[in-house]
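The values are calculated or read from the model by the stated rules, or taken from the named source; none is laboratory data. Not measured: the values here are computed from a predicted model. With ideal geometry, Cβ positions are generated from the backbone for all residues, glycine too; neighbour counts draw on all protein chains shown. The protein model used for the area step is the full one, side chains on, heavy atoms only, and it has no ligands, DNA or RNA in it. Shrake-Rupley method; radii C 1.70, N 1.55, O 1.52, S 1.80 Å.
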Amino acid sequence: TEKWQTVFLDSLLVFSCLTVISLIAMWAASYLRKKHAGLRIIEKPHGTVFVDEKRRLEFVSFPGQELKNRIKSDKRGYSLENAQKNIVPSYEKAWYTAVSSQKGCPMKCLFCDCPAYGYYGNVSVDDLKYQLDTIFENVGSTHTKYFEVDFTRMGEPTLNNSVLDFIEFELIKLVRSRIEADVIVPTVSTMFPKDKVA
């Protein structure tokens, strides 16, 4: 019986050590994953979504879609006879981007899913530059007739003065340093908040 007791105690010790090592390894992996949560690039049929968990940013890029044969109105109805069958995406024709002006959003609009994410403050000018730089580095186009930056992905842009600073001092310089764009258009999508909610 002493022999079996020794075997049992040795086995218990080995099992306990392995359990502790496994728990430490799982904790370390979870900690490192959170600490180094980086950029995820999600390819969609009509564009690309970028998610940076560490910076709490989400932004998108997609090409313009040229409809060669649009549905023509026929009095009050629509004729489907000449409806476009294939949509042709083209960065050369138009390039649309949507960047986050805030990390989440404080507006709590009922139609939006940002309230579930929370609100973590305004993005900086550097955050805005990072979003466009990341798009340029991962989308293989160098020329477009029309380049649009919409400050609409997450956040209420009118609550962040960095958006105006970026548009006035950085946007054109940054875009022209990375691609050839015939026209550069910043657009702001707002809910026109009455009061500062941030």
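Any chance you could count how many residues in region 79-104 are modelled with pLDDT of 95 or more, of a type outside the set (Val, Ile, Thr) and either open to solvent by 20 Å² or more (accessible area, probe 1.4 Å) or not in a loop (DSSP other than H, G, I, E, B) (or both)?
Here the count works out to 6.
Any chance region 159-177 includes a residue that's modelled with pLDDT of 95 or more, open to solvent by 40 Å² or more (accessible area, probe 1.4 Å), in contact with a strand residue (DSSP E or B) (Cβ under 7 Å, 6 or more places away or on another chain) and among the hydroxyl-bearing types (Ser, Thr, Tyr)?
no
I'd like the residue in region 178-198 that is open to solvent by 80 Å² or more (accessible area, probe 1.4 Å) and out of contact with any Ser or Thr (no Cβ under 7 Å at 6 or more places or on another chain) and, out of all such residues, is nearest to Ala116 (Cα to Cα).
Per the criteria, the residue is Met191.
What is the one condition in (1) within 19 Å of Lys54 (Cα to Cα); (2) touching a residue at least 12 places away in the same chain (Cβ under 8 Å); (3) surrounded by 14 or more Cβ atoms within 10 Å (Cβ to Cβ) that Gly118 does not satisfy?
Every condition holds for Gly118 apart from (3).
For Glu156, all conditions in the list (1) closer than 20 Å to Glu53 by Cα; (2) open to solvent by 100 Å² or more (accessible area, probe 1.4 Å); (3) in contact with a Ser or Thr (Cβ under 9 Å, 6 or more places away or on another chain) hold save one; what is the number of the exception?
(2)
Report those helices (runs of 4 or more DSSP H) wholly inside region 117-198 carrying at least 2 residues which are aliphatic (A, V, I, L, M) and in contact with a Leu (Cβ under 8 Å, 6 or more places away or on another chain).
The qualifying helices (runs of 4 or more DSSP H) are 171-178.
Any residue in region 143-155 that's farther than 19 Å from Cys105 by Cα: show its pairings with residues that are not in a strand (DSSP E or B) at Cβ separation under 9 Å, as long as the two are six or more apart or on different chains.
His143/Ile179; Thr144/Ile179; Phe147/Val175; Phe147/Ile179
Being under 12 Å from the mean Cα position of the chain (by Cα), at pLDDT below 95 and of a type in the set (A, V, I, L, M, F, W, C) narrows it down to one of Leu57, Leu67, Leu110, Leu39, so name that one.
Leu39
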